[in-house]
Structures are given as C-alpha cells and as structure tokens.
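Trainee: Mind having a look at this structure? Questions to follow.
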Amino acid sequence: GTLTEGKPKLQNVVSFGNYSDNEILQIAASVDEPSEHPVAEAIVAGALVKNILLKKVIDFESVTGKGVIASIDGNSVALGNMKLLQDFDMEISLQQQDVVKKLQSTGQTVMFLIVNDKVEGLIGVADSIKETSLSAVKALQKNGIKVIMLTGDNKLTAKSVAEKLSLDGFEAECLPEDKYQKVKELQNKGHIVAMAGDGINDAPALEQANVGIAMGTGTDIAMQSAEITLVKGDLNGIARAKELSHKVMRNIKQNLFFAFVYNALGVPVAAGILFPFFGILLSPMIAAAAMSFSSVSVITNALRLRKI
C-alpha cells in the first residue's frame, strides 16, 4: 500500500494433501472474512469470484503482523505468515519450502493455512508496484536521500520489490516493533528519518520518525500517527513536499532579511537621524507608503511559492 497499489490479488492456492484447493481457499477466505487487511480482502475476493461459499467463524483474533486465528466447524484454524507458523512451532517439508520459495521469488506474499495444528496448504497473493514508485524513489535518491523498505513480507518477496525499485536497502519480516526500532536505530546514528506508511503496522514507526508520512489510501490510525498525509497515496508527493518545505524555509529567511534590513534603514530615518546633517525629515505620507511597500515586497516574494 506504500510502494505497491495496496490492491493485492489472489494468485495461487496450493493444498498439501487433506483438502482440495477449493476447500483450502474456502477455509482461508472464511477465517479472513472479518479482517480488514488488504491481503485478507484479496483472498476473500478470490473465493467469491469462484463462487465459493464462506463458512461461519467464531473466536476470531487478529495477530498483528502475523495473521489471523479463529474456529470453523469446531476446528482450530489459523492463516498467516512464517512468523505465525513459528508461533505454532511448525515446519514444512523441503518440497513444500521449494514451492514457497518459487512463489516468493515472483513477488508473491505467501500465507500458510493451519488446521488443527497441521499445515494444510498455502495461499499466494501478489500486489503490483505503483507506477509512481520508481520515479519517486529516484527523485528522493537524486536529492541525497537513502530509501529503505521496511516490510512484514518475506525476504524473497522483499528482495524482488527492492531490486525492481533500486532501493538502498530493505528489512523483511518486520513486526510493528521492528519498524519502530529500525527508525530509532537510524535516529541514534544521527540520521533524520522520514517514515512513509499506510497500515496499523506502520503506526509506531510513523509516530517515532522525525517526519511521519501517511498514505491517504491507508488506515485511519496511520494518518493519525503522521504529520503529513498524501491524499492520493502518490509517493511523488514526498519529493514535492520536501522541495516545497525547503523553498518555504528559504522564503521565510528572505522575508525576514527584507523586513529587518528595511526597518533597520527606515526606522532611524523616520526618527530624524538625517536631520542634524542634511535637514531631512521623513514625511508621514512617505513613511506610510514605505511601510506599505515593505509589506507588498514580502507578500510578493511569498507568492512566488505558487509556481513550485
């Protein structure tokens, strides 16, 4: 949702034996139906397209940064990433690992379906990179900014995205606290950090960053945690905002210079400093015009910002 469109689509359904592919998708979509995560919405949408009826779930629980847990037809069901798999102390076979790596290398996010403490299959979901992401990353890098991706996704998927966008680095399989700690670590090294994000998982890091930037297409909590919201979620807005802020500060300094120099010259003249030497007194009419001209010059200079 930050570098990508935020509209992932169902790509693959793989059963590991006890259930058919459609049954795997049915269970996965059913447990994901109460969730608002984009990946969950993609799985549910994929099931509905295939006219698969969803089952009723109870005891639904969302595990931040990992997946979801619920009960379906008396069965304990969980759907999530590798970290959720580790929480359940589960492993998959080497053959199954090969399937996972193959999907991840194509940029897919893989979610594992666990039924009654057994991994029964997986779901592959992919999100396309925004058309504006590459140009935005290049514009930021051109201005001397290093762009690092922090993602909850796996290393292979993260690497695929990072290479396509020529990022300066990436951290994969990040939980919310990992993103927060990474921002803090960079700040402790003396860096000024801007964090752009769109989800609940990004909120702590957005709050910690020197500048928090939320996608307007993301969650409310992300926008509440950030100082800047990009209404359309276009990353080029970051480059524009940075350029604008630099020029605004320069404009403020110019206006302060104009105001101080103008008054430093005008006030003594108005006070009669030239009268003992040249017999010159400043007419109130001229003083009023001069003050008006001072305001006009400052406002005119500020209005130049409209052309950025």
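Trainee: Out of the residues in the range 42-90 that are β-branched (Val, Ile, Thr) and not in a strand (DSSP E or B), state the one that is most open to solvent (accessible area, probe 1.4 Å).
Mentor: That would be Val49.
Trainee: Here are Ile308, Ile280, Ile228, Ile273: which of them is at negative phi and touching a strand residue (DSSP E or B) at 6+ places or on another chain (Cβ under 7 Å)?
Mentor: Only one candidate passes the filter, namely Ile228.
Trainee: Quick check on my filter: what residues within the range 204-230 are hydroxyl-bearing (Ser, Thr, Tyr) and part of a helix (DSSP H, G or I)?
Mentor: Once the filter is applied, which keeps residues that are hydroxyl-bearing (Ser, Thr, Tyr) and part of a helix (DSSP H, G or I), the range 204-230 yields only Ser225.
Trainee: If you don't mind, another one. Can you give me the number of residues within the range 91-129 that are in a loop (DSSP other than H, G, I, E, B) and touching a strand residue (DSSP E or B) at 6+ places or on another chain (Cβ under 6 Å)?
Mentor: 4
Trainee: Continuing with this model, one more query. Could you tell me how many of the residues in the range 141-160 are part of a helix (DSSP H, G or I), modelled with pLDDT of 90 or more and either more than 27 Å from His37 (Cβ to Cβ) or among the β-branched types (Val, Ile, Thr) (or both)?
Mentor: Residues meeting the conditions: 2.
To keep it simple, each residue is scored yes or no on (1) modelled with pLDDT of 80 or more; (2) open to solvent by 60 Å² or more (accessible area, probe 1.4 Å); (3) of a type in the set (Val, Ile, Thr); (4) closer than 30 Å to Arg240 by Cα.
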position: Ile252; (1), (2), (3), (4): yes, yes, yes, yes
position: Ala287; (1), (2), (3), (4): no, no, no, no
position: Ala290; (1), (2), (3), (4): no, no, no, no
position: Asn301; (1), (2), (3), (4): yes, no, no, yes
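Trainee: Same structure, new question: Output the residues belonging to the range 180-201 that are part of a loop (DSSP other than H, G, I, E, B) and aliphatic (A, V, I, L, M). Lay out the reasoning, then the answer.
Mentor: To start, the set of residues in the range 180-201 that are part of a loop (DSSP other than H, G, I, E, B) comprises 189-193, 198-199.
Result: Ile192, Val193.
Trainee: I'm checking my understanding of the structure. Among residues of the range 19-41 that are open to solvent by 30 Å² or more (accessible area, probe 1.4 Å) and touching a Lys or Arg at 6+ places or on another chain (Cβ under 8 Å), which one is nearest to Thr219 (Cα to Cα)?
Mentor: Pro38
Trainee: When you check Gly233 against the structure, is it of a type in the set (Gly, Ala, Ser), without any contact (Cβ under 8 Å) to a residue 40 or more places away in the chain and in a loop (DSSP other than H, G, I, E, B), yes or no?
Mentor: So Gly233 fails the test.
Trainee: Identify, please: which residue in the range 277-308 is of a type in the set (Ser, Thr, Tyr) and in contact (Cβ under 8 Å) with a residue 12 or more places away in the chain and is, among those, farthest from Asn251 (Cα to Cα)?
Mentor: Of everything passing the filter in the range 277-308, Ser294 is farthest from Asn251 (Cα to Cα).
The values are calculated or read from the model by the stated rules, or taken from the named source; none is laboratory data. Keep in mind that what you see is a predicted model, and the values were worked out from it rather than measured. Methodologically, a virtual Cβ is constructed for each residue, glycine included, from the backbone with ideal geometry; neighbour enumeration extends over all protein chains shown. Ligands, DNA and RNA are stripped out before the accessible areas are found, and what is left, the full protein with its side chains, is counted by its heavy atoms. Shrake-Rupley method; radii C 1.70, N 1.55, O 1.52, S 1.80 Å.
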